[in-house]
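**Q** First, the structure itself, so that you have it in front of you.
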Amino acid sequence: KTAFDATSGKIQFSALIKDFEFPKALMQEHFNENYMESTKFPKSTFSGTIENMAAVKTTVDGIYTSKVSGKLTIKDVTKDVSTVGTFTVKGGVVNTKATFTINPEDYNIDIPKTVSGKISREIKITVDADYRHAH
């Protein structure tokens, strides 16, 4: 679920943890049950702002970039995050892509030492959403 205000640059999204995708089903199962506790903490949320919204022409076809900053909440832990987003405008549709890189320990995601060598020290969260202008 996402929301985007093209005037103010405010952007929000929420995602069900169980919908995060992995190359292997077993990885996804371990992620949900062992690390994310997705039954107890079913979703993550982001609420932030596109910092240079004036440079993102949502009514003019093109590709624009801008820093996106805000608060990311995972497992009831909220942290400030920022990244550069890409905004592709075509035919009245704004496609937004951004990847946030986080450290598991910052969000109380415990990775057992027995598997820590097999699991990335960083988690990449990629958001890819389309918005249409309201008429």
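The values are calculated or read from the model by the stated rules, or taken from the named source; none is laboratory data. Please read these numbers as outputs of a predicted model, since none were measured by experiment. Quick reminder, even Gly has a Cβ in these numbers, built from the backbone with ideal geometry, and neighbours come from all protein chains shown.
**Q** Just a yes or no: is a residue in region 71-85 on the phi > 0 side of the Ramachandran plot and either of a type in the set (S, T, N, Q) or surrounded by 13 or more Cβ atoms within 10 Å (Cβ to Cβ) (or both)? Can you show your working first?
**A** Going through region 71-85, the residues on the phi > 0 side of the Ramachandran plot turn out to be 75-76.
Filter once more, keeping what is either of a type in the set (S, T, N, Q) or surrounded by 13 or more Cβ atoms within 10 Å (Cβ to Cβ) (or both): 75.
Taking every residue of region 71-85 in turn, at least one turns out to be on the phi > 0 side of the Ramachandran plot and either of a type in the set (S, T, N, Q) or surrounded by 13 or more Cβ atoms within 10 Å (Cβ to Cβ) (or both).
To keep it simple, each residue is scored yes or no on (1) closer than 18 Å to ALA15 by Cα; (2) charged (D, E, K, R).
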residue	(1), (2)
GLU37	yes, yes
LYS40	yes, yes
ILE63	no, no
THR78	yes, no
VAL84	no, no
VAL94	no, no
LYS118	no, yes
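**Q** Continuing with the same structure: Identify all residues within region 38-51 that are without any contact (Cβ under 8 Å) to a residue 40 or more places away in the chain and surrounded by 13 or more Cβ atoms within 10 Å (Cβ to Cβ); write none if there are none. Give the derivation first.
**A** So in region 38-51, the residues without any contact (Cβ under 8 Å) to a residue 40 or more places away in the chain come out as 38-43, 45, 47-48.
The answer is SER38, PHE41, PRO42, LYS43, THR45, SER47, GLY48.
**Q** TYR35 - would you say it is at pLDDT below 90 and surrounded by 13 or more Cβ atoms within 10 Å (Cβ to Cβ)? Break it down into steps so the answer makes sense when it comes.
**A** On the way: at pLDDT below 90: yes; surrounded by 13 or more Cβ atoms within 10 Å (Cβ to Cβ): yes.
So TYR35 passes the test.
**Q** Among the residues in region 42-59, are any farther than 19 Å from THR2 by Cβ and among the acidic types (Asp, Glu)? Outline the logic, then answer.
**A** At the first step, the residues of region 42-59 found to be farther than 19 Å from THR2 by Cβ are 52, 54-55, 57, 59.
Among the residues that remain, those that are also among the acidic types (Asp, Glu) are: none.
No, every residue in region 42-59 fails to be farther than 19 Å from THR2 by Cβ and among the acidic types (Asp, Glu).
**Q** Need at least 1 residues that are in contact with a helix residue (DSSP H, G or I) (Cβ under 8 Å, 6 or more places away or on another chain) per element, so show me which strands (runs of 3 or more DSSP E) inside region 72-135 make the cut, counting only ones lying wholly within it.
**A** Numbers: elements: 77-90, 93-102, 123-132.
Hits in region 72-135: 77-90, 123-132.
**Q** Could you list all residues from region 1-17 that are over 24 Å from THR59 (Cβ atoms) and either modelled with pLDDT of 90 or more or surrounded by 16 or more Cβ atoms within 10 Å (Cβ to Cβ) (or both)? Don't jump to the end; show me each part of the working.
**A** If we filter region 1-17 for residues that are over 24 Å from THR59 (Cβ atoms), which is where we start, we get 1, 14-17.
Once the filter is applied, which keeps residues that are over 24 Å from THR59 (Cβ atoms) and either modelled with pLDDT of 90 or more or surrounded by 16 or more Cβ atoms within 10 Å (Cβ to Cβ) (or both), region 1-17 yields SER14, ALA15, LEU16, ILE17.
**Q** Going by the conditions given, is PHE46 part of a strand (DSSP E or B), among the hydrophobic types (A, V, I, L, M, F, W, C) and more than 15 Å from PHE87 (Cα to Cα)? Walk me through it before giving the result.
**A** Values: part of a strand (DSSP E or B): yes; among the hydrophobic types (A, V, I, L, M, F, W, C): yes; more than 15 Å from PHE87 (Cα to Cα): yes.
It is true that PHE46 is part of a strand (DSSP E or B), among the hydrophobic types (A, V, I, L, M, F, W, C) and more than 15 Å from PHE87 (Cα to Cα).
**Q** Please enumerate the residues belonging to region 62-81 that are of a type outside the set (Lys, Arg) and within 16 Å of TYR107 (Cβ to Cβ). Outline the logic, then answer.
**A** Step one: filter region 62-81 for residues of a type outside the set (Lys, Arg), giving 62-66, 68-70, 72-74, 76-78, 80-81.
Within region 62-81, GLY70, LEU72, THR73, ILE74, ASP76, VAL77, THR78, ASP80, VAL81 meet the criteria.
**Q** Continuing with the same structure: What do you reckon, is ASP80 within 20 Å of ALA6 (Cα to Cα) and over 11 Å from the mean Cα position of the chain (by Cα)? If you could, list the steps in order and put the result at the bottom.
**A** Values: within 20 Å of ALA6 (Cα to Cα): no; over 11 Å from the mean Cα position of the chain (by Cα): yes.
For ASP80, the condition - within 20 Å of ALA6 (Cα to Cα) and over 11 Å from the mean Cα position of the chain (by Cα) - is not met.
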